[in-house]
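Peer 1: Supplied in C-alpha cells, the structure appears directly below.
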Amino acid sequence: MAKSLYLASLEPESGKSLVALGLMEMLSCRTDGVGYFRPVIPAGERTDARIELIADRYRLSQAPSEMYAYTAAQVERMLAAGRRNEVFTGILSAYKAIEGQCGFVLCDGTDFTGVTSALEFEFNVAVANHLGAPVLALVNGRERQADDIIAGVRVAQESL
C-alpha cells in the first residue's frame, strides 16, 4: 500500500480543499500517524489557512511551518534562476521529514497562483513523481457538460 497520496487539480476551484478535508477525515479514522504536506503555499504567506485548519482539526504533530517547502514566490524566483533541481530537492527534503514521522502523508498540490493551468498541473505531476506518490487528479465539474468533464479527465490521464 502507498504511504502517500498527491492531490493535483487541473484548474482553480476544483474542490481540492474539500477533497483534502474529506480524505484527512477518513485517513485519521483509519490510519495511525497521518501527516499533511503542501509543497508550495501561496506567495507572501508564512503558512496558509488550509495548513492551519488541518493541523488544528487533526492535531497533527508537525508544526505548520514544517508542512510546506516553499512559497510560490520562492519557487518562481528559483525557477526563473534555472534552479529547478533545487526546487525538487527542497520539496523532497521537507516531505521526507514528515514522512519519517507518519504512517501516511496526504500531499496537497499547488493552487494556481499565477502560472497557466497546464504548466501548474505538470509541475504537480513532477513533484508527485519525485515524492513517489500516486496522484489523485481533480477536475472541476461545476456548471459543465459531461463531455467537458470527460475531456478534462483525459487531459489528466495523458499528462500522467
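Peer 1: So how many residues does the stretch 137-157 have that are touching a residue at least 60 places away in the same chain (Cβ under 8 Å) and in a helix (DSSP H, G or I)?
Peer 2: Here the count works out to 3.
Peer 1: Pull out all pairs, ordered by first then second residue, where Cβ-Cβ is under 8 Å, the residues are six or more apart or on different chains, the first lies in the stretch 1-17 and is closer than 19 Å to R30 by Cα and among the hydroxyl-bearing types (S, T, Y), and the second is surrounded by fewer than 17 Cβ atoms within 10 Å (Cβ to Cβ) and modelled with pLDDT of 90 or more.
Peer 2: S4/G132; S4/P134; Y6/P134
Peer 1: Going by the structure shown, is V135 open to solvent by less than 80 Å² (accessible area, probe 1.4 Å), hydrophobic (A, V, I, L, M, F, W, C), closer than 19 Å to K3 by Cα and under 15 Å from the mean Cα position of the chain (by Cα)?
Peer 2: So V135 fits the description; yes.
So that you can scan it fast, the table gives a plain yes or no per residue for (1) of a type outside the set (A, V, I, L, M, F, W, C); (2) out of contact with any strand residue (DSSP E or B) (no Cβ under 8 Å at 6 or more places or on another chain); (3) modelled with pLDDT under 90:
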| position | (1), (2), (3) |
| --- | --- |
| Y6 | yes, no, no |
| L10 | no, no, yes |
| A20 | no, no, no |
| M24 | no, no, no |
| L27 | no, no, no |
| T31 | yes, no, yes |
| I41 | no, no, no |
| E45 | yes, no, yes |
| E52 | yes, yes, no |
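Peer 1: Which residue pairs have Cβ atoms under 6 Å apart, sit 6 or more places apart or on different chains, and have a first residue in the stretch 64-93 that is of a type in the set (A, V, I, L, M, F, W, C) and a second that is part of a loop (DSSP other than H, G, I, E, B)?
Peer 2: Filtered contacts from the stretch 64-93: A72/P42; A72/A43; A72/T113; A73/A43.
Peer 1: If you scan the stretch 66-82, which residues turn out to be touching a Ser or Thr at 6+ places or on another chain (Cβ under 8 Å) and at pLDDT 90 or above?
Peer 2: Selection gives M67, Y68, A69.
Peer 1: If you don't mind, there's one more thing I want to ask. Do you know which residues across the stretch 93-103 are closer than 19 Å to V125 by Cα and surrounded by fewer than 20 Cβ atoms within 10 Å (Cβ to Cβ)?
Peer 2: Within the stretch 93-103, S93, A94, K96 qualify.
The values are calculated or read from the model by the stated rules, or taken from the named source; none is laboratory data. For clarity, every value in this text was computed on a predicted model and none was experimentally measured. Don't worry about glycine lacking a Cβ; one is built from the backbone with ideal geometry, like all the others, and counts go over all protein chains shown. Note: areas computed on protein heavy atoms with side chains; ligands, DNA, RNA excluded. Shrake-Rupley method; radii C 1.70, N 1.55, O 1.52, S 1.80 Å.
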